[in-house]
Protein chains: 6
Amino acid sequence: MTNQCGIFVGRFNPFHNGHLQATKQILAQGDELIVAIGSTQESHTFQNPFTAGERILMIHNSLIEANLPLSKIIITSVPDIHRYSIWVKHLKSYCPPFTYAITNNELTKRLFFEAGVTVKPIGPFNRSELNGTRIRKLMLEGNQWKELVPLAVTKIIESIDGISRIRSISDSKIKC
Amino acid sequence: MTNQCGIFVGRFNPFHNGHLQATKQILAQGDELIVAIGSTQESHTFQNPFTAGERILMIHNSLIEANLPLSKIIITSVPDIHRYSIWVKHLKSYCPPFTYAITNNELTKRLFFEAGVTVKPIGPFNRSELNGTRIRKLMLEGNQWKELVPLAVTKIIESIDGISRIRSISDSKIKC
Amino acid sequence: MTNQCGIFVGRFNPFHNGHLQATKQILAQGDELIVAIGSTQESHTFQNPFTAGERILMIHNSLIEANLPLSKIIITSVPDIHRYSIWVKHLKSYCPPFTYAITNNELTKRLFFEAGVTVKPIGPFNRSELNGTRIRKLMLEGNQWKELVPLAVTKIIESIDGISRIRSISDSKIKC
Amino acid sequence: MTNQCGIFVGRFNPFHNGHLQATKQILAQGDELIVAIGSTQESHTFQNPFTAGERILMIHNSLIEANLPLSKIIITSVPDIHRYSIWVKHLKSYCPPFTYAITNNELTKRLFFEAGVTVKPIGPFNRSELNGTRIRKLMLEGNQWKELVPLAVTKIIESIDGISRIRSISDSKIKC
Amino acid sequence: MTNQCGIFVGRFNPFHNGHLQATKQILAQGDELIVAIGSTQESHTFQNPFTAGERILMIHNSLIEANLPLSKIIITSVPDIHRYSIWVKHLKSYCPPFTYAITNNELTKRLFFEAGVTVKPIGPFNRSELNGTRIRKLMLEGNQWKELVPLAVTKIIESIDGISRIRSISDSKIKC
Amino acid sequence: MTNQCGIFVGRFNPFHNGHLQATKQILAQGDELIVAIGSTQESHTFQNPFTAGERILMIHNSLIEANLPLSKIIITSVPDIHRYSIWVKHLKSYCPPFTYAITNNELTKRLFFEAGVTVKPIGPFNRSELNGTRIRKLMLEGNQWKELVPLAVTKIIESIDGISRIRSISDSKIKC
């Protein structure tokens, strides 16, 4: 990759239309993009119901569906290290070089700031409507969620019976 | 082991009369049984006050006290892996082969289901009375708990001054 | 070290005047002291905003500022092991030998008791005023906190812009 | 368990006739016994070809086959902690209480000695013939090994096609 | 992804012409492909000199350079779990679904076989010439290696001064 | 600490006269010093026979014995992270800020170089005579080693019967 390259860090549970809009906006600026999936060691929890593999496929297939140039986008998976002080360096080791980070989260901003990385806000989309927690709650409660995610994501969630999974997770809690 | 073999997964903090009844019922069907103790790396918390060794001894001594055939039962200890997606496989690596699992927990059921393992419900006992959380609360508050567990369990808890331990745990919290 | 040596376990986020008073009292008795910093793998959380290195420096500089005899004090750093049953042994492996422990925490007392270590209470200081959680809240809310910690600690927190860090932490939460 | 209780620590890859003889000797003295399987997180290596579950079953079935009193023997599984200084304490947390340890290994002896645990040598059997490394080499090279292990062990190794597994392990090495 | 999808597991230190040929052959069959990079937590060793991020970029850029259809290929990163018995399940959690695996390694074959996954050999290329260990030795000793890897890989290794890195690694060894 | 501050990274098994000379030289330049002990999670191996606590005490007592100014020296303990790419950042989180590093090791130099940290060589002492591996071999073989370490170190090694420990370690190998 050359020129400007942003890194967009999220957990993408699931990848939704807001993520897709932000991705399009960055590419529209002529930049390249790393989509870095965090907490990839986790799945089957309400916070992270989907496996790393399922989330990678959601993103890959959504990019194809949206006809975006795959040569300009790299999807990476970054397991948690549970050490904020070294998290940016950990992230860097799992990703190709980037020139700026994209986030609206205050702590993430702080960590990038302490590490000397430029931060840009995520491009404008309706965050009260398009956010992972809300979408997972809609799934849980049997409400409409499909219009909030790319069709490719809907297909994957259906193929793994993801709604049933989310309901099992919420009914109980075990240690594993 | 041959024929049908069930796996009964729990944390057994402590092993109580409900666990014992379920064990008897499975053996009465002619099946063999693996009693798999989970979260064995943990102790001295309200959720898991007892060490793996203490829990193993509780079960071993209760089985002898109840005159159950030890040749048909294997007790195993399974530390947490903190990865639901691979937990069933992790469990399998720590246990002899089994043909079905026994649980009432929705998430555990889901994980076994996704891994293709048959699940059976735990045999009928009074779960509102016989459950670990309730028994630990009775211990904590100085109420009657001894009639809810095998005598062998009472003896072990007394020998380690377990009630004092549970009270220390609840009064405070440190990181370790 | 010879004679009596106490171990004072804390997280020291930050090292405050109460910690300093307790330290002085132990030295005044003629004992030597190990100041063992716990949870050193953690930072940038509300519970543990400062890195191990920052906390070590706070203590080192406060001891110098207070003119205490450095030859009688050893500062050690002890990462969490997340296993209460072996925590005292883990602590011992990271520290020189000690003859007693200083703590007011019930669970810590219990763990030292089960391991056969004598426990003494922390010397009298005003714990409702001088405690880490309260001090971090004052920092967060923009209230007066500087008179509660040694001047050396104030200088370090200012040099790392620690108040901004605590505010970023509280505004958001990411997984790392 | 009451009275004297020994702990016999090994990796039992596989459980062989020497292990069985040592077990019999301890029971013959009237003692109880904990058979503690170490390195249970590992399998499919030349050092530890068998899973924890496979090793537990080998021991359980061998004890039954030899008509030994299961009420006097507890089999436990102890994953590695990779910290020698706290290993004895770690072992204790995974096992019921014991009064002495059985080992011929110099380092294990040293760790028990530093932890104040009495050590006894393993009862006399032909260690140049009966040792795990030699038996695994015989398996690898297609030589006679079955007379060196209990019949129950032979059956389990055959049922999992264990000889093929050992050969695959030795031909190659991957990281996992 | 639909239809047949192979998974090609390697450490890709570096991605070389043999890997590229194998990739082309699988795509030529009409299959889709997951390129799964293993041991991604490791770098700066002779076995794994490059970080995950560097290896991802080598593969991504080589695929573009070779004009291969990115929509049919997913690059994933899989950290070691150090547990062979559950490694295939771990791999699956980090990757989209696949229908067969591609490897020549005996142990990997065995693990896939025990997990019920079909294995195909890597398409014919000159493995005595094109293998990672040999290429790293050539780099170390100052011999010709550039013709053995895609041009894109050469560029990345030069941009990170990778040859100097490999020489530093080989001259010494520290613990980290 | 102010002005120039070096960090001297080693495993200090044991702290020997070469380490002491290097320490003196740095202080003589007017700089402050962090003595960072690595691999502190390890002990009872031939590479790292001593616990973190034992090594800290060796250094603390040697500095006192040599009459060095304790206010200018901070001893820190840094467990391994097994990730070279982030090791410098990990080190920084466990230590107060430093302005340069002191090492002769090629890989350590490389890691500091990639992280942008200035490296200085360790001050001249006879490294073929004064090095940890050689000293441990002398201990093992019953040869003269005491003149190679500070008297304070000799006293600690004798008090823990360290020579016997090293011999037990070398005679055998277990997994823990």
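Across chain A, how many lysine pairs, 8 or more positions apart or on different chains, have C-alpha atoms separated by under 29 Å? Please give the number.
So the count works out to 29.
Starting from a label point 7 Å past Cα on the Cβ side, list the distances from E:GLY30 to the same position in the other copies, nm, shortest first.
List, nearest first: 4.3, 5.1, 7.9, 7.9, 9.2 nm.
Residue by residue through region E:57-63, which ³J(HN,Hα) values in whole Hz follow from phi under the Karplus form 6.51 cos²θ - 1.76 cosθ + 1.60 (θ = phi - 60°), with glycine and proline marked x?
Each residue's phi maps through the Karplus curve to give 5, 4, 6, 3, 5, 5, 5 Hz.
What residue among A:PRO14, A:PRO49, A:PRO124 shows peak mean-square fluctuation when chain A is described by a Gaussian network model with Cα springs under 10 Å?
The residue with the greatest mean-square fluctuation here is A:PRO124.
Sort shortest first the distances from C:SER159 to its counterpart in every other copy, using label points 7 Å along the Cα-to-beta-carbon line, and give them in nm.
3.2, 3.7, 5.6, 5.6, 6.6
Find every distance from the label point of D:GLN4 to the corresponding label point in the other copies (7 Å from Cα along Cα→Cβ) and write them in nm, one decimal, shortest first.
4.2, 4.4, 6.6, 6.6, 7.9
If amide hydrogens are placed 1.01 Å from N in the peptide plane, which non-local residues have theirs closer than 5 Å to the one on C:THR76?
C:VAL35, C:ALA36, C:ILE37
Go ahead and estimate [θ] at 222 nm for the protein assembly as shown from helices alone: -39,500 (n - 2.57) per DSSP H run with n ≥ 4, summed, over the residue count, rounded to 500. Display every interim value, and only then the final one.
Working: 42 runs with 442 residues, N = 1056.
Helices in the protein assembly as shown give a 222 nm mean residue ellipticity of -12500 deg cm²/dmol.
For F:LYS72, what is the net charge nearby, where nearby means another residue's Cβ is under 9 Å from its Cβ and Lys, Arg count +1, Asp, Glu -1? Could the numbers behind the result be given before it?
On the way: positive: none; negative: F:ASP31, F:GLU32.
The answer is -2.
Could you tell me the distance between the Cα centroids of region A:115-176 and region A:52-108, to the nearest Å?
17
Enumerate the amide H contacts of A:VAL149 below 5 Å, restricted to partners 5 or more residues apart or on another chain; note that Pro and chain-start residues carry no placed amide H.
Residues meeting the criterion, in which the H sits 1.01 Å from N, are A:ASN17.
In the neighborhood of C:GLY142, defined by Cβ-to-Cβ distances under 13 Å, what is the net charge if each Lys or Arg adds +1 and each Asp or Glu adds -1?
Values: positive: C:ARG136, C:LYS137, C:LYS146, C:ARG167; negative: C:GLU141.
Surrounding charge for C:GLY142 is +3.
Under 5 Å between amide H atoms, partner at least 5 residues away or on a different chain: which partners does F:LYS120 have, H built in plane at 1.01 Å?
When sequence neighbours closer than 5 places are left aside, the close amide H contacts are F:ALA101, F:ILE102, F:THR103.
What residue of chain D has the nearest C-beta to the axis that moves D onto F, and what is that distance in Å, given as a whole number?
Nearest Cβ to the rotation axis, residue and whole-Å distance: D:HIS82, 6.
Please give, to one decimal in nm, the separation of the simple spin-label points placed at B:ALA66 and E:SER128, each 7 Å out from Cα toward the Cβ.
Spacing of the two 7 Å Cα→Cβ label points: 6.6 nm.
Values quoted throughout were computed directly from the atomic coordinates according to the rules given, and no laboratory measurement underlies them. Given the structure is predicted, the values throughout are model-derived calculations rather than measurements. Positions of Cβ are generated from backbone atoms using ideal geometry, with glycine treated the same way; all protein chains shown enter the neighbour counts.
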